[in-house]
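Each reported figure results from applying straightforward, stated rules to the coordinates on display, with no laboratory input. This is a predicted model, so every value here is computed, not measured. Cβ placement follows ideal geometry from the backbone for every residue including glycine, while neighbour counts extend to all protein chains displayed.
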Amino acid sequence: MKRFAIRLLTASFVAAAFSVAAPGFETAGLAIPAAHAQQDDQARIPGDLCYWDRVAWSEMNEQEQELWTVLGWDQQRWEGDIPDYSETEDTEWEDLTGEERQAAAQLGYDEGAWNTLTCD
């Protein structure tokens, strides 16, 4: 009986580890990071928007780089090679263009997060 329970527990863990879940969804006690739930050609929507402060430009897929480019970023700015931030860095949501708001939304932002989010 113990072997069956161990096999069942192992099978549940493996199934949970390899399933794709919605942001914030937990499977068998294992949280699956939303940032890794998207396909390679789509922008990831992280459960923690501070994820974008920790990821290198080279770790982003092409779609994510294109969306950040719409928001005024490029590899040199992102990596800190150019000390200037993007002009949208201090822009309120309502002052973003429609295209910029759409890009931000595809990256996981909404008006509240865009206007108030700070990451340490």
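Figures for the structure shown
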{"read-out": "Debye-sum result for segment 38-116 in log10 I(q)/I(0), which assumes one identical scatterer on each alpha carbon, at q = 0.11, 0.17, 0.22 Å⁻¹", "value": "-0.25, -0.63, -1.11"}
{"read-out": "Ranked packing of 45-58, 76-89, most packed first, by mean Cβ within 10 Å", "value": "45-58, 76-89"}
{"read-out": "Spin-label model distance (nm) - Thr91 vs Gln76, 7 Å beyond Cα toward Cβ", "value": "2.0 nm"}
